[in-house]
1. Quote the relative contact order of the chain in percent (integer), defining contacts as alpha-carbon pairs under 8 Å separated by 6+ residues.
2. Let me know the charge dipole size of region 43-289 about its Cα centre in debye, to the nearest 20, where only the beta-carbon of Lys, Arg (+1) and Asp, Glu (-1) is charged.
3. Provide the percentage of antiparallel DSSP beta bridges, counting only those with both residues in region 43-289; round to the nearest 5.
4. Fewest first, what order do GLU272, GLU156 take by the number of other Cβ atoms within 10 Å?
5. Would you mind counting up the charge near ASN89? Only other residues with Cβ under 12 Å from its Cβ, with Lys and Arg at +1 and Asp and Glu at -1.
6. Quick one, could you list the DSSP H helices from the chain stretching 15 Å or more along their long axis (Cα atoms) with average Kyte-Doolittle hydropathy of 1.6 or above?
7. Bin width 5 Å, origin at 0, all Cα-Cα pairs of the chain: what percent of pairs per bin?
8. Report relative contact order for region 192-236 in percent, whole number only (criteria: Cα-Cα under 8 Å, sequence separation at least 6).
Amino acid sequence: MFLKLSAKATFARTKKPSRMPNSSSAAKGEARPYEPAKGPAVRRITAGAIKRRKGTGAFPMITAYDAPFAHFAEEAGIDFILVGDSVGNVVLGYDETTPVTLDQILHHTQAVVRGTSRAHIVADMPFGSYQISDEDALRSAIRLVKEGGACSVKLEGGKHEAERIRAIARAGIPVIGHIGVTPQTAGLGPGYKLRTNREHLLEDALAVQAAGAYAIVLEVIEPDIAREITQTLAIVTIGIGAGLACDAQVLVLHDALGMYPHSPPFAKRYAELGHAAIEALRAYRDDVRRG
Ligand code: KIV
C-alpha cells in the first residue's frame, strides 16, 4: 500500500492530481478552492452521522495536520479526523499548544481537507480564538468552516465555555466540547494530572451537551467517571487517556506512529516511524558519501 501511495505522491509533484480542483471548474464556482474535486455523489460524513454511531461500538479518531497523513488515515479506514492544536507540539516544535494561532490551524485544516474526500474533518479552535466573546468564537468557527473547509470545530472547556458552544451551534456549525485535561491552559495552572472530581466533570459534560455539542473529548479522566459520563450523555464521548468505555478513542498521530519522543503513557505506539526515518536518512547519507 505504501508503494502505491508513494507513487501517487511522486505523480502529484509532476502532474496535477485528479483529486485537486482544476482552475476552470473552480472559476466556474463548481468547487470551493480548498475542496478536492469530487463527483456530486461523494459527500463528507456529517456530524449527525458521527452522533448516530453512539452505542454501535467503539470507533477511532486520529489527528492529522497535512495532506499525505490525512490520506493515509482515510485509506486505513479512519474517517473521523481532528486537526488538533497538538500541531503546536508535534509539528511546530512548541512545548505547549498555547501559542498556536487560528491562521496556523486554518493552514493545516486546508491541507487535511485536500488530502481526504469522505472523512469528517474537525478543526480545533486554538487558544485565544473563542474565549473573548460569543461573537469572536463564532467568527473564528466560521473561518474554520468557510476558509478551512472543516466539517465541525472543537473547543476546550465545560460549563464555562457553554455559551460559546451554544453560539457556534446556533449558527449551524457542529461543535465538540473538551473536558478533563485541557492542554491550552494546563501549563498555566491546573497541569496534566488525572482528573477525578466526579461531580465537577459530570456537571461540565452535561453543560456541554445542553449547549448543543454533538460530541465531547474526555482527556485524562478517571475511567469509571468517563464510563459514567458516556452512559449519561446522549452525545458521543471521545476518550484520550480516559479508559475503554468511551464511545470513541482519539490519539495524536505522532504518538500513534512513534514520530514524537514525548508521548504520554496512555498513548499506544503502533509504529516507530521516527526511528525508521532516521535509518532511511542515514542510508541516504551513506549512499551519497559513497558516491
Ligand atoms: O489537539 C489535540 O490533538 C487534541 C486531542 C488530544 C484531543 O485536542
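1. 14 percent
2. Values: 25 positive and 29 negative charges, 142 e Å.
That gives region 43-289 a dipole magnitude of about 680 debye.
3. Working: 1 of 29 bridges.
The antiparallel proportion sits near 5 percent.
4. Details: GLU272 13, GLU156 27.
Going from least to most buried by this count: GLU272, GLU156.
5. Values: positive: none; negative: ASP85, ASP95, GLU96, ASP255.
Net of charged neighbours comes to -4.
6. Numbers: long enough: 2-14 (19 Å, 0.32); 102-114 (18 Å, 0.02); 134-146 (17 Å, -0.33); 198-210 (18 Å, -0.05); 273-289 (24 Å, -0.32).
None clear 15 Å together with a mean of 1.6.
7. 1, 6, 11, 16, 18, 17, 13, 8, 5, 3, 1, 1, 0, 0
8. Working: 32 pairs, mean separation 22.2, N = 45.
Rounded, it is 49 percent for region 192-236.
Computed from the coordinates by the stated procedures, all read-outs in this text should not be read as laboratory data. Keep in mind that what you see is a predicted model, and the values were worked out from it rather than measured. Reconstructed Cβ throughout: ideal geometry from the backbone, glycine too, with neighbour counts over all protein chains shown.
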